[in-house]
Every structure is written in C-alpha cells, then in structure tokens.
Amino acid sequence: MDFKENIITHFETFKKEVNSPAHIDEIRESALNKFSKLDVPTPKHEEWKYTNLKNLVNKTYQLGNKNIATSSYTHKYTQFINQYDEKDVNILVFVNGEYISALSHIVSPSNELIISNLSQAYREHSELIEQHFSKYATYEKEAFVALNTAFAQEGVFIHVPNKTEVKLPVILHFIADASATDVICHPRNLIIVGKNSSLTVIEHFNSTNTPFSTLTNTVTEVYVAENAYCEHYKIQTEESNASQISTIQAVVQRDGRFNNTTVSLSGKLIRNNLNIKLNGENCDVYMNGLCAITGSTHVDNHTAVDHAMPNSQSNELYKSLLDEKSSGIFNGKIFVRQDAQKTNAYQSNRNILLSPTAKANTKPQLEIWADDVKCSHGCTIGALDEEPLFYLRSRGISEGEARAMLVFAFADDILERIKYEPVRLYAEKIIAQRLGMEE
Amino acid sequence: MLSIRNLEVAIGDKKILNGINLEVKAGEVHAIMGPNGSGKSTLASVLAGREDYEVLGGEVEFFGKDLLELAPEERAGEGLFLAFQYPVEIPGVSNTNFLKAAVNSIRKYRGLNPLDAVNFLKQMKEKMKLVSIDQSLLSRSLNEGFSGGEKKRNEIFQMAMLEPKLAILDETDSGLDIDALRIVSHGVNTLKNKDNAVILVTHYQRLLDYIVPDYVHVLYKGRIVKSGTKELALELEEKGYDWIKEENSVLA
Ligand SMILES: Nc1ncnc2c1ncn2[C@@H]1O[C@H](COP(=O)(O)OP(=O)(O)OP(=O)(O)O)[C@@H](O)[C@H]1O
Ligand SMILES: [Mg+2]
C-alpha cells in the first residue's frame, strides 16, 4: 500500500481511540488534510535533493503506540536509559512513541518543573496548549510535520514557570522497537520555558536491533520566553534499522537564549530540521552539530535561523566525520529580516572524509534584508590535514594514534560545547572507543 | 651517527636538493647556513620523514640504519628530532596529552615501560624549568594561538622531553627575543653531551655565539658549497652571500 494511503487509513481509528479534546481534533483534522494534499518529498524537492526517502516510504508501517506499557518486558529498555553516569535527573521514556511511566521518573519539584505526557497536558493544561501547541511548527508546507501533528498524542509537555531555574535536566529517551512489524511513530514535544527561567533538555534516540524498520517522525516545539534560557541536546545513536525525521522548532523571545547541540552517531537515515526564530531583541542562539558516522548511514542536517528583530546573534558550527560509505548533508539558512539591524550571524560547516567512498554536501544559504549586519559563513570538505599528522608522527606518535588524536580533537570541538557533563562524557566515550583510544 | 651521501630530492618536477653530503658524529654541533630558498628546510624535512618529497638518489644512514626506509615515528624512535621552522597549530590536542603520548610512544619503541603520571609530571616540571616555559602554555592546545617565540620555545621544550640523539633545529632562533635566545641556547647546551649531536639551521651568527658549532656549512642551490669552522659564520656575517654565489655561478 502507498505510504500516504496506509497512514490515512490508520487515522480514523487512531482518532477514536485517543479521544482528544475538540480543539486538538480540529488541529488533527486540518493537519491530516494537509498531509493528504502534500507530496511525500522526493529528491526533486529542493530541500530534499540529497536525501531520498524511497526506501522508507515503500514500507507498510504499523502505528507505534500499541500498549507496550502493559507488557512485562520493559526491562529490555533499561540499557538505553542507564547510559548516562547520572542518577539525579528527570527521565521520561517513550517506546515507539508511547510513554512508559514505569520507566520514567521525575525528581524535580512540581513548583519548579511542570512535566507530563502530552496527552495528559491536552486536558490538564488546555490554556497553555491552546496558546502554544502547533503554533510554531507549521505544517502548511511540511508533509512530515503535518503527519506528526495529525497523530500528535504522546511526547513530553514541559512548562517551566516564570523565574524558575530547573536545576536537574530532563532526559527524554525515545526508543524505537520494531519487534514484529515495521513501525512508524510520531513523538510530539512541547517545551515552554517561562520568563527569566532556565532548563536543560536532552532528547536521546535509540533503537533495538531487529530485522524490521522503524521510522520516528518527531516534532519538538520550544518556546523560550523573555530572558529565559534553554539548553537543548539531541543525541542520535540508533541502529541501522532505524530512521528518523526530526524537527525542532524554537521561538526565542527578547533577551532569550537557546542552545542546541545535535550529535548524530549512528542510524540508517536521519533528517534533522532545526528551525529557530529570534523573535525579539538581544537573543543569543547557538547551533552546534556533530555528525560522526560510518557504514551507510545518511545524515541530513537542515538548519534555519530567522533573525526577525534587531541586535541578536546566532552562532552555528556543524562538523562531520564521514567514514566508509556514509554521507553527510548540511544545509544552513540564515535569514536576516529588514528590521533585524545589528544582527550578528555566524555559520561554519566543516566536513572530513575519512574514506574515499564517503560523501559530503554542504550548502549555506544567506538571505539578508537588513544593511547593518555582521554575517559570515564558511564550509570545507576534505581529508584529514597532513601537516598536523606529520607533526605528531615526527614526535614518535604512530600514524594510527596520531589520526585518532586529530579526529577526536575535531569531534571534541563540538562535544566540548555540551555543558551537561554526563552527556558530553557519554558522547566522548563513544567517539574514543570507535577510535580505539584508551581513555 | 648520521651520514648523508649524494642526497637528491625533488618536489613535483622541481629538484631542490642536488647531491648533499654530510657526516655528523656524536658530540658534534653543525651549523647549516645559506640564502633563503636554498633547501635547508627541505633537507631537515626529508630527514624527519615528510612525505611530500621524492628522493631521487643518494642515501642516508642513521646509526647504521637506512633512515629513508623508516616512517617518521620510527625515526623519532631512533632518536631523531626536528624543531620545525614553522610549528603547526593543532587545536583540540592538549600540549600535555600530546607530550605524554610522544614520550610514551618513543619509550615503547625502545622497549621501555610507559612513564606513569607522577614520573611524567616530574620530568615535565624539570624540563619546563630548563627552558623557562610557562605552565599555562602546556595546558593549552598544541601551539594554538602561541606567539612565534612561544612556538619556538615549545619546540625546544619537546626536545628536552624527548632527549633525541640528533636534534635538527630549523631556524629556532628566528623570532626569539634576546632573553629567549639565551634561555633556549642554555637549554640546548645543557642537553648537549658526547653521545648526541645538533644540527643548527640558522641565518644569524648571534646564535652561534651561544651554541658554538664545530662545523659550519653553506647550503646553496641544494648543495653544500662550502664547509668550515665557526670562523666561516663570521665571514658570512660580514660579507653576505654574494661571494658564495659568485664562486658557484656555474651552478644551474
Ligand atoms: N611544497 C613545495 N612545493 C614547491 N616548492 C617547494 C615546496 N617546498 C619548498 N619548495 C621550494 O624549495 C626551495 C627550498 O625551500 P626550503 O624551504 O628548503 O628553503 P630554505 O633554505 O629553508 O629557505 P629559508 O631560509 O627561507 O627558510 C624553495 O625554492 C621553495 O620554494
Ligand atoms: Mg627554511
């Protein structure tokens, strides 16, 4: 069955089953309607030129949420959950998009952090939902955002009240587990950080290694209020049966800060969309990305930063280490609108090809309508530099070890920017292990 | 210890070394001088094992081994050290971790156990004092953002840590202020003994006031066209290279 038809046939049953409030149903209907009219992207679409979904959309997927929570084998997911060397942390676990309360725990006090499954928030926080939900991630032109919105039911809802520092981070584990059929799921997150507040959130994606395919189509909306600060990490360590299309849509208000670091280490096909709107003056945004992949993994990072107001700055550094037959795509858009005078926007993308069969594509796109701005961008694709390699070897360090040191340094330039240490150490350890380094 | 016979080297189509002959024995200090572009750094790099060069002919023996057969890291293991004219900056590799890797790689090559953290630190402290290098430089990334003089000093510090049998210092004096020159020279002289040797590549006589050479060679158009004692350096300082160039005007 055709991908779209298959999905659409699931919709009515799904809608009845979840029984959402009326205004959510309205959004669902409208999103499904859009989805049915939009084409599933192919490389003919400019934004999908290098990412071909044909081997993902030729499958007949089962919808993810099929009562895993009630089954007794949830322990098989604990390996994914205990990866960080940190116990004092808020954890929410989603398997195939379904919230698993038995594996989740919240330690932050409820006056500091309001957090629940999204479906629960539909009822308990209807005002905030009406105000924010589906207001930032627009689905008019995006088939996969439309699809996610039609099926948006589970995922995290976070509300940090004004003037509140959430001291312990929130780790969201998304585990794709296709044990009997190919599975598609649509985690949907809404994160609202109130005025003068701060929050650290980690989205970590894993999958179980099975003969079946998974497609995780996720959307995260982040609202960073005036003078608020959100530190956000996305860690992707899925198996080679797992693909994802993953959109983050952040809106940052005056004096707000939003930092995202996206680390893609494995999986089959990953498409990340990171869209940030700087909606006030004096915002500060960092977009950091590390893509370190091998095999035939394909990672496509599309980022767009929209400077709508004056005196804000965005800083972007994306790096790729591409080995074997992997491919890495970077497309970085910077919009500076006419009003956004005194904008500072920096973008850099650096790719190292570690094998002759690896591929990289990079495309900066700057659209600048204001005249008093500082913007710069640069990109490189190449092999590891010979000069530093020779220098290290001339000091007695073997070629293999010298390469490992340089590759690690290249990657760590991004990982160092991860302020929450357990996540940084976790990612560094994976890279070091791959490079055969001792520590 | 080092014996270079008829070494001819090219980069691409361009021949740079046209038959170099040089003997260096343990305990000796050799200075190599010569006009810009004459091939001094090329010679140093070929000895250290840089791969961009094509050796067209000749041979190099280092303690009886065919040096040109060895990988750069093996040459270091055998006791060769090159202080680079332009040390490369390596962001993200900490100076200290790099040194530890280097010291222990060379120890491993020589069949020694790696130094533990305590002994490594002890050795580092000692050698830091010798070349008066600041602790803060060592916790930074290798050469990243170092001033010209700091880079040179770091090269000598590495030399002190690795204790090579043959050190080739390629214009280590260039870019050093007068105090630094004195300190670096003091370091080299302290490390100097009857079992090791130094090749100084330099443009300036003033270095040779501090580190007194046994031999001075003039490299011109890829050949050693004149060799002498330290007086030759004084003569060059006074007269420049014109007379050398004239004497060798037949060279292509
Ligand atoms: N990678 C290269 N490609 C082409 N030519 C090169 C390359 N490296 C060196 N050369 C040339 O070889 C010649 C010798 O260079 P080398 O650096 O050895 O000179 P040098 O004697 O060290 O000069 P200086 O005193 O300026 O340091 C020069 O003409 C230089 O341009
Ligand atoms: Mg030179």
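The values are calculated or read from the model by the stated rules, or taken from the named source; none is laboratory data. On a predicted model such as this, the values are computed, not experimentally measured, just so you know. Cβ sites come from the backbone with ideal geometry, for glycine too, and all protein chains shown count toward neighbours. Calculation scope for accessible area: heavy atoms of the full protein, side chains included, ligands and nucleic acids excluded. Shrake-Rupley method; radii C 1.70, N 1.55, O 1.52, S 1.80 Å.
When the residues of the stretch B:219-234 are filtered to those that are of a type in the set (A, V, I, L, M) and either within 11 Å of residue B:33 (Cα to Cα) or within 16 Å of ligand 2 (Cβ to nearest atom) (or both), the one that is modelled with the lowest pLDDT is B:233.
Residues A:126, A:104, A:119: which one is at negative phi, of a type outside the set (Lys, Arg) and touching a strand residue (DSSP E or B) at 6+ places or on another chain (Cβ under 6 Å)? It would help to see each step written out before you state the result.
Working: A:126 fails: touching a strand residue (DSSP E or B) at 6+ places or on another chain (Cβ under 6 Å); A:119 fails: touching a strand residue (DSSP E or B) at 6+ places or on another chain (Cβ under 6 Å).
On inspection, the qualifying residue turns out to be A:104.
Could you please find all residues in the stretch A:409-427 being touching a helix residue (DSSP H, G or I) at 6+ places or on another chain (Cβ under 6 Å) and within 12 Å of another protein chain (Cβ to nearest Cβ)? The answer is A:411, A:415.
Looking at B:154, B:143, which one is surrounded by 18 or more Cβ atoms within 10 Å (Cβ to Cβ), within 14 Å of chain A (Cβ to nearest Cβ) and over 16 Å from the mean Cα position of the chain (by Cα)? Steps first, please.
Values: B:154 fails: over 16 Å from the mean Cα position of the chain (by Cα).
Going through B:154, B:143 in turn, just one is surrounded by 18 or more Cβ atoms within 10 Å (Cβ to Cβ), within 14 Å of chain A (Cβ to nearest Cβ) and over 16 Å from the mean Cα position of the chain (by Cα): B:143.
Restricting to the stretch B:165-183, what's the tally of residues that are free of Cβ contacts under 8 Å to residues at least 60 places away in the same chain, within 29 Å of residue B:107 (Cβ to Cβ) and touching a Gly at 6+ places or on another chain (Cβ under 9 Å)?
Adding up the residues that qualify gives 0.
On inspection, residue A:422 qualifies as in contact (Cβ under 8 Å) with a residue 40 or more places away in the chain and not charged (D, E, K, R).
Among the residues of the stretch B:67-81, those that are among the small types (Gly, Ala, Ser) and surrounded by 18 or more Cβ atoms within 10 Å (Cβ to Cβ) comprise B:76, B:77, B:79. Among the residues examined, residue B:90 does not qualify as within 16 Å of ligand 1 (Cβ to nearest atom), aliphatic (A, V, I, L, M) and open to solvent by less than 10 Å² (accessible area, probe 1.4 Å).
Residue-wise test of (1) buried (at least 24 other Cβ atoms within 10 Å of the Cβ); (2) at pLDDT below 95; (3) basic (Lys, Arg).
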position	(1), (2), (3)
A:182	no, yes, no
A:216	yes, no, no
A:229	no, no, no
A:247	no, no, no
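Would the stretch A:10-31 turn up any residue that is in contact with a His (Cβ under 8 Å, 6 or more places away or on another chain), of a type outside the set (A, V, I, L, M) and under 25 Å from residue A:239 (Cβ atoms)?
Step one: of the stretch A:10-31, the residues in contact with a His (Cβ under 8 Å, 6 or more places away or on another chain) are none.
No, the conditions are met nowhere in the stretch A:10-31.
If you filter the stretch B:10-54 down to residues that are of a type in the set (A, V, I, L, M) and open to solvent by 40 Å² or more (accessible area, probe 1.4 Å), you find that the one that is farthest from residue A:390 (Cα to Cα) is B:26. If the condition is being open to solvent by less than 20 Å² (accessible area, probe 1.4 Å) and touching a helix residue (DSSP H, G or I) at 6+ places or on another chain (Cβ under 9 Å), then the stretch B:178-204 contributes B:180, B:181, B:184, B:185, B:187, B:188, B:198, B:199, B:200, B:201, B:202. Residues in the stretch A:398-419 that are part of a helix (DSSP H, G or I), in contact (Cβ under 8 Å) with a residue 12 or more places away in the chain and closer than 20 Å to residue A:318 by Cα: A:404, A:405, A:406, A:407, A:408, A:410, A:411, A:412, A:413, A:414, A:415. Can residue B:97 be described as more than 14 Å from chain A (Cβ to nearest Cβ) and open to solvent by 60 Å² or more (accessible area, probe 1.4 Å)? For residue B:97, the condition - more than 14 Å from chain A (Cβ to nearest Cβ) and open to solvent by 60 Å² or more (accessible area, probe 1.4 Å) - is not met. Remark: pairs (first residue in the stretch B:31-44, near ligand 1 (Cβ under 6 Å from one of its atoms); second residue part of a loop (DSSP other than H, G, I, E, B); Cβ separation under 6 Å; 6+ apart in sequence or on different chains) = B:39/B:222; B:40/B:34; B:41/B:85.
Residue A:153 falls short on exactly one of the conditions (1) open to solvent by 10 Å² or more (accessible area, probe 1.4 Å); (2) more than 25 Å from residue A:274 (Cβ to Cβ); (3) assigned to a loop (DSSP other than H, G, I, E, B), and that condition is (2).
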